[in-house]
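**Student:** Handing you this structure, nothing more for now.
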Amino acid sequence: PFWLNWLSIAYPDLKLRLVVTRSAERFVTRAALAALAGGGEVLLDVWPERPAPTALHVELAEWAEVVLVYPATLHYLARLAVGLADTPSLLAVQCTTAPVVVAPTLPPGAAASPVYRRHVAALAERPNVRVVPPVPAVSATTGRPDAAAAPPLPDLIAAAEELRARLAVTA
């Protein structure tokens, strides 16, 4: 929520589409995010129970000029890295040609794990994806500085601009 407020001040003309995972709803409500994002709809990352007039994943993949996954849990990052597309947001990110910038937030020990490093390496092979390394953080569980938090949003914006420039040169 803090970064949504910051975005609205720093980039008042920015158009946002927010998609929230079920995991994220344990920490923040969609209503709170909608209020901070200018009142737009905040979508839940689940397939609709009823047929919809449009395919959300196609709409998101084609609409986005840049995709920020902020914050990305180890679970989401892993699903993205292995090519899973079991939710609308994952399928959109798997199919978009837009720059995708991922900001991991990790529990204690995850940043040093071979599994995390393998997934980051797999994502590094994709020309339109960039993982911005997490920053040291205090674990809410252990109280020790052994966790990793998503980097500040300005770092992601800079990474997205670099990625957009690189993709434009290769296009």
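**Student:** Checking the a/c ratio against 1.5 first, then a/b against b/c, what shape does the Cα gyration tensor give for segment 1-62?
**Tutor:** Cα axes put segment 1-62 in the oblate bin.
**Student:** While we're here: Using DSSP to define loop residues, name the GluC sites (Glu not before Pro) in segment 6-71 whose beta-carbon has at most 16 other beta-carbon atoms within 10 Å.
**Tutor:** Passing both the DSSP loop test and the Cβ count: Glu41, Glu49, Glu65.
**Student:** What FRET efficiency would be calculated for the residue pair Phe27, Asp86, taking the C-beta separation as r and a Förster radius of 22 Å, to the nearest 0.05?
**Tutor:** Efficiency for this residue pair is about 0.55.
**Student:** Using the heavy atoms of the protein chains alone and a 1.4 angstrom probe, what is the accessible area of segment 1-155 per residue in square angstrom?
**Tutor:** 58 Å²
**Student:** Another question, then. Can you give the calculated 222 nm mean residue ellipticity of the chain, where each DSSP H run of n ≥ 4 adds -39,500 (n - 2.57) and the sum is split over every residue, rounded to the nearest 500 deg cm²/dmol?
**Tutor:** -12000 deg cm²/dmol
**Student:** Considering only protein heavy atoms, what is the solvent-accessible area of Asp146 at a probe of 1.4 Å, reported in Å² to the nearest 10?
**Tutor:** 50 Å²
**Student:** Calculate the length of the line joining the C-alpha centroid of segment 74-101 to that of segment 111-137, in whole Å.
**Tutor:** Spelled out, the Cα-based centre of one part sits 13 Å from the other.
**Student:** Just to confirm the filter: which GluC sites (Glu not before Pro) across segment 88-171 are DSSP coil and have at most 16 other Cβ within 10 angstrom of their Cβ?
**Tutor:** Loop-located and lightly packed - Glu125.
**Student:** Report the full-extension gain for the segment Val46 to Arg164: residue separation times 0.36 nm, less the Cα-Cα distance, to one decimal in nm.
**Tutor:** Difference between extended and current length: 39.6 nm.
**Student:** Run through every distinct alpha carbon pair of segment 1-118 and return the Kirkwood hydrodynamic radius in angstroms, one decimal place.
**Tutor:** 15.3 Å
**Student:** Say the dipole of the chain comes from +1 at the beta carbon of Lys and Arg and -1 at that of Asp and Glu; which of Pro145, Val28, Ala55 then lies farthest toward its positive end?
**Tutor:** Comparing the listed Cα positions along the dipole, Pro145 ranks first.
**Student:** Where Lys and Arg each count +1 and Asp and Glu each count -1, what net charge lies around Ala168 among other residues with Cβ under 15 Å from its Cβ?
**Tutor:** It works out to a net charge of 0.
**Student:** For Leu56, what accessible surface area do you get with a 1.4 Å probe? Give it in Å², rounded to 10.
**Tutor:** The value for Leu56 is about 40 Å².
**Student:** Select from Ser113, Thr97, Asn5 the residue farthest towards the positive end of the dipole of the chain; place +1 on Cβ of Lys and Arg, -1 on Cβ of Asp and Glu, and compute about the Cα centre.
**Tutor:** Ser113
**Student:** Show me the trypsin sites (Lys or Arg not before Pro) within segment 1-87 that DSSP assigns to loop and that have at most 12 other Cβ atoms within 10 Å of their Cβ.
**Tutor:** Within segment 1-87, the qualifying trypsin sites (Lys or Arg not before Pro) (loop, at most 12 other Cβ atoms within 10 Å) are Lys15, Arg22.
**Student:** Quick one: with all protein chains in place, what share of the accessible area of the chain is carbon or sulfur, to the nearest percent (1.4 Å probe)?
**Tutor:** Using a 1.4 Å probe with all protein chains present, the chain comes out at 60 percent carbon and sulfur.
The values are calculated or read from the model by the stated rules, or taken from the named source; none is laboratory data. For clarity, every value in this text was computed on a predicted model and none was experimentally measured. Every residue, glycine as well, gets a Cβ built from its backbone with ideal geometry; the counts of neighbours run over all protein chains shown. All accessible areas refer to the heavy atoms of the entire protein, side chains included, with ligands and DNA or RNA removed. Shrake-Rupley method; radii C 1.70, N 1.55, O 1.52, S 1.80 Å.
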